[in-house]
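Enquirer: The structure follows.
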Amino acid sequence: MPLFRLDSRFPELFPDPAKVNGRGPACFGGDLSPERLFAAYRLGFFPWFSEGDPILWWHPDPRFVLFPKNLKVSKSMRPYFNQQKYTVRFDTRFEEVMRECQKKIRPGQWGSWITEDLIEGYVSLHEKGIAHCVEVYEGDELVGGLYGLALGKVFFGESMFHHRPNASKFGFISLVRRLEERGYRMIDCQQKTNHLQSLGGESISREIFMDEIAPIDSEDTERGKWC
């Protein structure tokens, strides 16, 4: 399939998701403005590239997601909640959570894909009440977290970090429970990982994924800071 090129001007339409590569980058170019990011996510595209490379946009097929009703909490995680090992807050240190994720170098990576322009774009979306973060604390110390976007009744997860055992998993489980209480349909996890699969994540086809995100334009988006 062709690799579509986006113009640097906005608005620039993203290609039809049904016509893009599902195994590699779907398109490249454009910018990381909050307007562009918003336009991307409502169609299921997300940016992922290395510092110094062209901006690459992805639309994987299959897609890895988690339906809140299918959340799995292992026996080893239950004591963390029963004993209140950690506490969770939302949306009080968004940029700091992003920068902690930026520092997290994963196997096979030479550096972080979370660039300064990307941070600026997501922080702008956070200020508009669309991007959100989960913060996990041990006492007063930030030891884990994650961030993403909420559009309609779908949460698009982006990245997570931890400095203590299972802190990111604790934050993710807390997020899923919060989303289920508020009627969210699905969490987009983008790519399969053993970590997310153990929590109940599953692969679905692009066709099913697009059906799941199709209603977001007609749904109320939970804007503003989360409590």
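Enquirer: What are the residues in the range 149-158 that are open to solvent by less than 10 Å² (accessible area, probe 1.4 Å) and at negative phi, if any?
Expert: Within the range 149-158, L149, A150, L151, V154, F155, F156 meet the criteria.
Enquirer: Just the residues that are among the charged types (D, E, K, R) and touching a Phe, Trp or Tyr at 6+ places or on another chain (Cβ under 7 Å), please, taken from the range 46-68.
Expert: R63
Enquirer: So which residues in the range 202-227 are in a strand (DSSP E or B) and either in contact with a Cys (Cβ under 6 Å, 6 or more places away or on another chain) or small (G, A, S) (or both)?
Expert: Within the range 202-227, just S203 meets the criteria.
Enquirer: Among the residues of the range 182-201, which ones are open to solvent by less than 50 Å² (accessible area, probe 1.4 Å) and not in a helix (DSSP H, G or I)?
Expert: Initially, the range 182-201 is screened for residues open to solvent by less than 50 Å² (accessible area, probe 1.4 Å), giving 183-184, 186-190, 196, 199-201.
Passing the criteria: G183, Y184, M186, I187, D188, C189, Q190, L199, G200, G201.
Enquirer: Here's something else I'd like to know. Restrict the check to the range 209-223 and report whether at least one residue is touching a Leu at 6+ places or on another chain (Cβ under 9 Å), among the polar types (S, T, N, Q) and open to solvent by 10 Å² or more (accessible area, probe 1.4 Å).
Expert: yes
Enquirer: State whether one or more residues within the range 8-24 are aromatic (F, W, Y), closer than 27 Å to G144 by Cα and surrounded by 19 or more Cβ atoms within 10 Å (Cβ to Cβ).
Expert: As a first pass, look at the range 8-24 and keep what is aromatic (F, W, Y): 10, 14.
From the residues that got through so far, the ones that are closer than 27 Å to G144 by Cα too are none.
No, the range 8-24 contains no residue that is aromatic (F, W, Y), closer than 27 Å to G144 by Cα and surrounded by 19 or more Cβ atoms within 10 Å (Cβ to Cβ).
Enquirer: Suppose we filter L179, L146 for residues that are in a helix (DSSP H, G or I), touching a helix residue (DSSP H, G or I) at 6+ places or on another chain (Cβ under 8 Å) and farther than 20 Å from N82 by Cβ; which single one remains? Quick ask: steps written out before the conclusion?
Expert: Numbers: L146 fails: in a helix (DSSP H, G or I).
Selected residue: L179, the only one of L179, L146 that is in a helix (DSSP H, G or I), touching a helix residue (DSSP H, G or I) at 6+ places or on another chain (Cβ under 8 Å) and farther than 20 Å from N82 by Cβ.
Enquirer: Go through the range 114-148 and count every residue that is surrounded by fewer than 17 Cβ atoms within 10 Å (Cβ to Cβ) and modelled with pLDDT under 95.
Expert: Total meeting the criteria: 2.
The values are calculated or read from the model by the stated rules, or taken from the named source; none is laboratory data. Predicted model, so just to flag it, every value in this text is computed and none were measured. Because the Cβ atoms are built from the backbone with ideal geometry, glycine has one as well, and the counts that use them run over all protein chains shown. We work out accessible area using only protein heavy atoms, side chains counted, and drop any ligands, DNA or RNA first. Shrake-Rupley method; radii C 1.70, N 1.55, O 1.52, S 1.80 Å.
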